[in-house]
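**Q** Before we start, here is the structure in question, set down as structure tokens.
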Amino acid sequence: MIKSLLSASLITLMSSSIHAELSATWEQEFALSVSGGDTHAQKLESIFQPEWNTSLTDNIDMTVIGRMLLDAYDNLGFENASFDNFSDINGTITQSKHADISIREWYVDTEISNTFWRIGKQQVVWGQADGLKVLDVVNPQSYREFILDDFADSRIPLWMLNVEVPIGDNDSVQFLWIADLTYNELATQGSVYELSSPLFIPQSTDGIKLLGINQHRPSSAIKDADIGIRYSKFYAGWDLTFNYMYHYQDNPVMYQTLVENNLTINAQFERNNLLGASASKAFGDFTLRTEIAYSSDTYHLLDKSSAVFIQKQGIHQSDDVSSVLGLDWQGLENTMLSIQWFQSSLFNYEPSVIRPQHNHILSGLYKQSFENETWELEILALYGLDKRDTALQIHLSYMLESNIKLWVGTDVFSGPEKSLFGQFNQTDRLTLGLEWGF
Amino acid sequence: MKTIENPSRVQQLARLVVHYPKINVLISLVVMIALLSALPLLYKDTRADAFLAADNPALVYQNVVKEQFGLSDPIVIAIINDSEKGVFNPTSLQLIDWLTEEISALDNINAQRVTSLATENNITGSDEGMQVDPFFDEYPDTQHIADKIWRQVSDFPLYMGSLIAEDKKATVIVAELNDKGLAEITYQQVLQLVENAPIGQNDTLYIAGEGAISGYLGSYIDADAQRLNPLAGLIITIIVLFAFRRFSPALLANIIIAASVLMTLAVMALFDVPFFVITNAMPVILIGISVADSMHIFSDYFERQANNPEQDKKEIIVETLVTMWRPITLTTLTTIAGFIGLYFSAYMPPFKFFGLFTAIGVAIAWIYSLIFLPAAMSIIQPNASKRMVKLAQSDELDTFAKIMVFLGNITMNNARKVIVFFVLIILSGFYSATHLSVNENRIETFHPSEPLFKADQAINQHLNGTNNLNIIIEANESEALFTTENLTQIEALQTYALTLENVKGATSIVDYLKQIHRSLNGGDKQFYWLPKNKELIAQYFLIYSASSDPTDFEEEIDYDYRIANIRLSLNKGSYQDNKDTVEKLNSYIEDNFNSANLTATLSGRVNVNYHWIEGVGESHFLGLGISLFLVLAVSALLFGSLTAGLFAILPVLSSILLVYAAMVLLKINLGVGTSMFASVAIGLGVDFSIHTIDRLRTSFKDNFGNWDQALADLYPLTGRALFFNYLAIALGFGVLISSKVVPLTNFGTIVFISVTTSFFASMSFLPALIKLTKPKFITDDYLNTQGAPRYSFARKAARLASAFIVVGVLSVVAFGKAALASPDVLTVVDNINKVDDGDFVTRKLTMTLVDKRGKTRVRETQAYRKYYDGEKRTVLFYKKPTNVKGTAFLTFDYEPVEKEDNQWLYLPALRKVRRISASDRGDYFLGTDFTYEDIKQEGKLALQDYDYSIIRFEPLTLENGDHYDAILMKGVPKTKAIAKELGYARNEFWVDSKTWVIIKVNYWDLKDKPLKTLIVTDIRKVDDILTRHNLAATNHKTGHKTTFVFSDVDYKTQVKDKLFTQRAMKLGK
């Protein structure tokens, strides 16, 4: 209901604006799954994304970005999509097996007495890391395709108030108020990238009968809103930020109640205080990027064999400090090499927690362009130190015309089945794509 | 016997090597020989200046001084005569005359800059006024004339102590070289001269000075190398023979040594890197390292072969490879990491290259040990010696194994005591590190018995000193140095300098003026002071030039009387001796001398040395830190555990700390030669701990988790192999101790101590620690033996590959790295740079990129630029096409050259602003044919990077008909390093003589081939400011062309500060 109202008002607005710019991209991607000796098509996806920028008045600009997503194969889980992660004011306009139409972003920018306001459905990105998230927790994410999609496409924009106040010459304070109670979209049951690792999903055991899963979601836009503050400073060549967020974690916590041999799962969303900082600076050919975040309440699954499993309802709570240390090197022409070390440590630990106390992931990114940037090669490798699992993405793109880009790529996972990347061991795929802008 | 993990793939590769031996051997040898053909290109560089990077300010200024005054590093010949009359006898004086003439005739000697009694003039007064006559006006063939000359000279304070000793017994001939690079040849020629010189009975001739040092050092080093390298090779061959009692290992080990050393030198030659003084230590190091890998392979092979005499030898070799490839690769990677650390931390080019090329040599040794060696062994199929077979059959151990087992037993039974012992060493090492002293004296490169050393001593004893410090005085205008204020300042500075320690002499134009003044006042000593009248001083110069050669003062003052030189002579050369003096002089100059009209700057050998050595201490500890970190990182990566990495570096750390203690005790200074020992010691010493850890992991598995058994098993085989490994390296370095080059002796001593300590620490401290802590990285492999995972090879390969990439990339990284123009050029450059381009500008920029096939891409952007105090900010917003829309690029350019620019890039796909590195000025801007530097300069000239000159006036007509009265000019980057950074060897450009806008530029690449051409058209005024609207750059190499078209240019509308922020980048405007 609300969604149709929104789309109606949008159309009205579109016809009454002063100065507008319309552009769009059409992307076509085909993925071939090549794992396990059995080659089959995984997806044939088309994405049409129009963008409309306009100035409503001298001081007010509006941006609307829409998206229509079509998938011929549905392996990525449209059919069973429950859309439960979305709040009432977020999500798609239509629901169908193969198609998904939504308003991705819709916001208004204005400046009032040297303060910048962006109000509406938007994405706000905190932090310096590539690939994995430490401070980048403002917007939830869609994990329909695990982490293989560009974050700009998989991040879920939220309705929020975003205010930025400049301080002095180089600093600023940003304040966020997010009343949109939308959380991560997980890959649905039976889809290709459904999570199966015990790190995230309670594992089934013989003799235990699953009675049901109850989901409890925050409902009050006032009480359950997220608040964030970020102070940015540019000092002696350093880009610094100091961040604080009082928010609901975007993954539900799976509390498990075991009565005799019957298991009930209560998926609940829990609050967390996030306090963090980031710093980056370039030194000669190197750029250093660092980020650190302290979370007061994080929740992790316990192994069923744990003595405190029943008492703690299968969940262990601890505070956590995560960080990323990244180094980019651009010493050679047209090349960038970037290495990052992610680390996450729980202060409070128990041996039966499935996740290791100290989790380390290394990532390496290699980018090179050829022939005046018409060809671009990108190789991203992620490696988890604990279980020695890896994810490897190789991507080669060619700019056929100024507005047409072609690419070919591959995404490969390996590692123990129960690990973060290893759980997708069998989903290795080859992709071919085209993007046309107009 | 030993568990082989994942045999399939490694075994396959090993079989490839072993079963096609002839091809492998052939290829290895062919590659080696092909590379060796480049060896003749190698050349030496023994100059002291080679130790400094070419753009080091001290060195650059030194060159300026040489240009101006013709002064640099002379060869000094001293004539010492101990008899009563000293050198003031006919024979000696004639000798001086003869030598002066002969030396001036040498090719590389600047005949205008030879100073001796025979060349200098006496200034006296007579009834007619001033008289300027050479001291040798009358040829000194009688004692009478000799006495007269003494009377004259002793009456001229300027020369007493500098040219002639106060006690009459010594005098010098100072000759400046034209080309320091040819110092060695010149030195030999001077030696010849001295041989044939007509010396008197009591005369002794000495040759000294920096020119002589550079000259001698070349042959000194050569002689040393010719002795040391074969000696090291011989010792190692003996060790190998002793260890295996067979000829083939010794032969093959030597081939690998030859490959490693010679191929590395060939690579150096190919990359135009000269052979420096310290490069001498590289072959010795490589000999020790390259033999280590083959030692381990042979050790394992012969052991197996002795125990299984019936088994097919090729199979044995395969088994050996499968077992040993891992630890050999691990140690190679860690050693390379250690040396790369030196590359990153050293600020002197010879050390950087040393670190880099030694790493390359280590890599070559690794390749040959894994390919050539097994292949050769497969052909030869050597048998284990009878001794070994007998021992194997009776299950006995040979002496060396027994020694190691004995050591093992002591360690295991006294684990705690061993740990306490090493902790004590570590603590005393830290304490000692704070007491290290940094010092360097170039003459101490030579043994005290060397003639050069003795010569230096003699001269510094009798005369003011061979160590020079120049103070260059600069005034604002021509003839400013006639004023008494300025001259008095100079005199005061001279007087102050003489109060400082070790400064024995100070000469300047002031001394000449005083002498002239005195001679024009009847020669009375009382009048030996500075005249107080500017016109008088000007007159004196005039009178002097009438009586003699006006170029006589070229070493003291320039043609315009604007720049003068005070030459200080110091009789000590070491950094510590002169540090205070240099610093005090700088203080005095800043506090009391420098003013708006007059400035002084230090230069000269002593100053260069001061700057050079200042950084040694810091660079050493930085190198230590970086090498340790790299080795830690690589070890941790390879063993998959941070703890393992820490354990791996502990023995090496304790060895370095012990060396610090030893250096403090033995009073060895941290100087140029010794400072790099840390990286070398780490690179060599870590091998022991890597082998130990690797072996313990396997041993733990083989012994089913029994700690004591696992540890005991370490000693007989691996311990034995490591022992021979240690002997090879230690004795290889021991050879350096016998070097005649003193710094190399010290270097050899401390590396020997360090390697010995590393070995013992790895064999005792490390196992003791492991025994007590029972760490996971040893037990993990055993505990995870369930279900041999099929991806474990991939896992290992990924780990190794990542280590390779880390080390490889770092190595590749390593491999990557202003004239006094005539006033005319400076004016033109000034005019070009003064062309107004507005305080701020808003403009639209359309970029059209066309490749050689004609394919066109167009990008539209909106650009803003604004000048701030000492800073220029630019922001570019991409508008079209859609797939780059929203991208933004922000730069803060700072005026001071040393301050790094800041750059940010916003990519809409990431929704995030990314900080990027701004240092690659020669990189192409976002796929166009303009470099970052091109765009930053915006048609202005960079005086700090280029030397500009005018070629001629040349009218220019472009293809589109535009015609200009242009001046054709040339720009050449000031140094090779700058050229490399910018990517241009030179450029030539036409500048419009009316508007001073550069119209057309041709660029040449680093190989001096035409690279690209830039043409500027549509130049017209907008808002009264001359604007270039169309810039077209064509790259001749790729055929690609970029056109920048500026439109909607607006200099009037205020450009808001908020545009140059990260928020604006995200907003898109």
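The values are calculated or read from the model by the stated rules, or taken from the named source; none is laboratory data. These numbers were taken from a predicted model, which means no experiment stands behind them. Note that each Cβ is placed from the backbone with ideal geometry, even for glycine, and that neighbours are counted across all protein chains shown. What goes into the accessible areas is simple: the full protein's heavy atoms, side chains included, and nothing from ligands, DNA or RNA. Shrake-Rupley method; radii C 1.70, N 1.55, O 1.52, S 1.80 Å.
**Q** Pick from the stretch A:401-411 the residues that are facing chain B (nearest Cβ under 9 Å) and either in a strand (DSSP E or B) or of a type in the set (V, I, T) (or both): which of them is nearest to A:E29 (Cα to Cα)?
**A** A:K405
**Q** Given (1) within 14 Å of chain A (Cβ to nearest Cβ); (2) under 44 Å from the mean Cα position of the chain (by Cα); (3) open to solvent by 40 Å² or more (accessible area, probe 1.4 Å), identify the lone condition not met by B:I1015.
**A** Tallying (1) within 14 Å of chain A (Cβ to nearest Cβ); (2) under 44 Å from the mean Cα position of the chain (by Cα); (3) open to solvent by 40 Å² or more (accessible area, probe 1.4 Å), B:I1015 fails exactly one: (1).
Condition check ((1) open to solvent by less than 50 Å² (accessible area, probe 1.4 Å); (2) among the aliphatic types (A, V, I, L, M); (3) in a strand (DSSP E or B); (4) over 19 Å from B:L637 (Cβ atoms)) across all residues:
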residue: A:V324; (1), (2), (3), (4): yes, yes, yes, no
residue: A:L327; (1), (2), (3), (4): no, yes, yes, no
residue: A:L332; (1), (2), (3), (4): no, yes, no, yes
residue: A:N348; (1), (2), (3), (4): no, no, no, yes
residue: A:P356; (1), (2), (3), (4): yes, no, no, no
residue: A:I361; (1), (2), (3), (4): yes, yes, yes, no
residue: A:Y366; (1), (2), (3), (4): no, no, yes, no
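**Q** Only one residue in B:L926, B:L910 is within 8 Å of chain A (Cβ to nearest Cβ), at pLDDT below 85 and not in a loop (DSSP other than H, G, I, E, B). Which one?
**A** B:L926
**Q** Looking at (1) within 29 Å of B:P767 (Cα to Cα); (2) at pLDDT below 80, can you tell me which one B:W612 breaks?
**A** Against the list (1) within 29 Å of B:P767 (Cα to Cα); (2) at pLDDT below 80, B:W612 comes up short only on (1).
**Q** Within the set of pairs 6+ apart or on separate chains, which have a first residue in the stretch A:218-239 that is away from chain B (no Cβ under 14 Å), a second that is surrounded by 16 or more Cβ atoms within 10 Å (Cβ to Cβ) and of a type in the set (D, E, K, R), and C-beta atoms under 6 Å apart?
**A** Within 6 Å, the pairs are A:P218/A:D224.
**Q** Continuing with this model, one more query. If you go through the stretch B:504-544, how many residues are open to solvent by 40 Å² or more (accessible area, probe 1.4 Å) and among the polar types (S, T, N, Q)?
**A** 4
**Q** Ok, one more. Please name all residue pairs, on different chains or six or more residues apart, with Cβ atoms under 6 Å, provided the first residue is in the stretch B:274-288 and is farther than 15 Å from B:K740 by Cα and the second residue is among the acidic types (D, E) and open to solvent by 10 Å² or more (accessible area, probe 1.4 Å).
**A** Every condition considered, the pairs that remain are B:P274/B:D45; B:F276/B:D45.
**Q** Sticking with this one: Could you name every one of the strands (runs of 3 or more DSSP E) located completely within the stretch B:121-227 that has at least 2 residues being within 19 Å of B:L463 (Cα to Cα) and under 38 Å from the mean Cα position of the chain (by Cα)?
**A** So the answer is B:170-177, B:203-208.
**Q** Being hydroxyl-bearing (S, T, Y) and either surrounded by 19 or more Cβ atoms within 10 Å (Cβ to Cβ) or touching an Asp or Glu at 6+ places or on another chain (Cβ under 8 Å) (or both): is that true of A:S305 here?
**A** No, not satisfied.
**Q** Now, a different point. If I filter the stretch A:161-210 down to residues being acidic (D, E) and touching a strand residue (DSSP E or B) at 6+ places or on another chain (Cβ under 7 Å), which single residue comes out as surrounded by the fewest Cβ atoms within 10 Å (Cβ to Cβ)?
**A** A:D171
**Q** Select, from B:T745, B:T785, B:T779, the only residue that is farther than 23 Å from B:G640 by Cα, open to solvent by 10 Å² or more (accessible area, probe 1.4 Å) and either at pLDDT below 85 or out of contact with any Cys (no Cβ under 9 Å at 6 or more places or on another chain) (or both).
**A** None of the other options fit; the residue is B:T745.
**Q** Just the residues that are part of a loop (DSSP other than H, G, I, E, B) and of a type in the set (D, E), please, taken from the stretch B:860-880.
**A** B:D869
**Q** Run B:G1039 past the list (1) surrounded by fewer than 21 Cβ atoms within 10 Å (Cβ to Cβ); (2) more than 30 Å from B:G886 (Cα to Cα); (3) within 14 Å of chain A (Cβ to nearest Cβ) and report the number of the one that doesn't hold.
**A** Tallying (1) surrounded by fewer than 21 Cβ atoms within 10 Å (Cβ to Cβ); (2) more than 30 Å from B:G886 (Cα to Cα); (3) within 14 Å of chain A (Cβ to nearest Cβ), B:G1039 fails exactly one: (2).
**Q** May I ask you to say which residue of A:D109, A:D153 is within 14 Å of another protein chain (Cβ to nearest Cβ) and modelled with pLDDT of 90 or more?
**A** Being within 14 Å of another protein chain (Cβ to nearest Cβ) and modelled with pLDDT of 90 or more holds for just one of A:D109, A:D153, which is A:D109.
**Q** Residues of the stretch B:89-114 being closer than 29 Å to B:I543 by Cα, buried (at least 20 other Cβ atoms within 10 Å of the Cβ) and hydroxyl-bearing (S, T, Y), which ones?
**A** The one that is closer than 29 Å to B:I543 by Cα, buried (at least 20 other Cβ atoms within 10 Å of the Cβ) and hydroxyl-bearing (S, T, Y): B:T100.
**Q** For B:E900, only one of the following conditions fails: (1) touching an Asp or Glu at 6+ places or on another chain (Cβ under 9 Å); (2) part of a loop (DSSP other than H, G, I, E, B); (3) at the interface with chain A (Cβ under 9 Å from one of its Cβ atoms). What is its number?
**A** For B:E900, the exception is condition (1).
**Q** Continuing with the same structure: Restricting attention to the stretch B:1020-1054, which residues are under 46 Å from the mean Cα position of the chain (by Cα) and of a type in the set (V, I, T)?
**A** Those that are under 46 Å from the mean Cα position of the chain (by Cα) and of a type in the set (V, I, T): B:T1027, B:T1034, B:T1038, B:T1042, B:T1043, B:V1045.
**Q** When you scan the stretch B:1057-1069, do you find a residue that is at positive phi and open to solvent by less than 60 Å² (accessible area, probe 1.4 Å), even just one?
**A** yes
**Q** Scan the stretch B:930-945 and tell me whether some residue there is at the interface with chain A (Cβ under 9 Å from one of its Cβ atoms), out of contact with any Cys (no Cβ under 6 Å at 6 or more places or on another chain) and modelled with pLDDT of 85 or more.
**A** no
**Q** What number of residues within the stretch B:410-435 are touching a Phe, Trp or Tyr at 6+ places or on another chain (Cβ under 9 Å), part of a helix (DSSP H, G or I) and open to solvent by 80 Å² or more (accessible area, probe 1.4 Å)?
**A** So the answer is 3.
**Q** All but one of (1) aliphatic (A, V, I, L, M); (2) surrounded by 16 or more Cβ atoms within 10 Å (Cβ to Cβ); (3) not in a loop (DSSP other than H, G, I, E, B) hold for A:I213, so report the exception by its number.
**A** Among (1) aliphatic (A, V, I, L, M); (2) surrounded by 16 or more Cβ atoms within 10 Å (Cβ to Cβ); (3) not in a loop (DSSP other than H, G, I, E, B), the lone unmet condition for A:I213 is (2).
**Q** Does the stretch A:182-203 contain any residue that is farther than 19 Å from A:Y246 by Cβ and either modelled with pLDDT of 90 or more or within 14 Å of chain B (Cβ to nearest Cβ) (or both)?
**A** Looking through the stretch A:182-203, none of the residues is farther than 19 Å from A:Y246 by Cβ and either modelled with pLDDT of 90 or more or within 14 Å of chain B (Cβ to nearest Cβ) (or both).
**Q** Looking only at the stretch A:260-292, filter to residues that are outside any strand (DSSP E or B) and away from chain B (no Cβ under 14 Å); which one of those is surrounded by the fewest Cβ atoms within 10 Å (Cβ to Cβ)?
**A** A:E260
**Q** Taking the stretch A:112-136, which residues are within 10 Å of chain B (Cβ to nearest Cβ), outside any loop (DSSP other than H, G, I, E, B) and among the charged types (D, E, K, R)?
**A** A:R118
**Q** Keeping to the stretch B:491-503, report how many residues are small (G, A, S) and either open to solvent by less than 10 Å² (accessible area, probe 1.4 Å) or under 18 Å from B:G465 (Cα atoms) (or both).
**A** 1
**Q** For the stretch A:351-369, what are the residues that are more than 10 Å from chain B (Cβ to nearest Cβ) and among the hydrophobic types (A, V, I, L, M, F, W, C)?
**A** A:V353, A:I354, A:I361, A:L365
**Q** Same structure, new question: Taking the stretch B:857-882 on its own, how many of its residues are among the acidic types (D, E) and more than 11 Å from every other protein chain (Cβ to nearest Cβ)?
**A** Qualifying residue count, the stretch B:857-882: 2.
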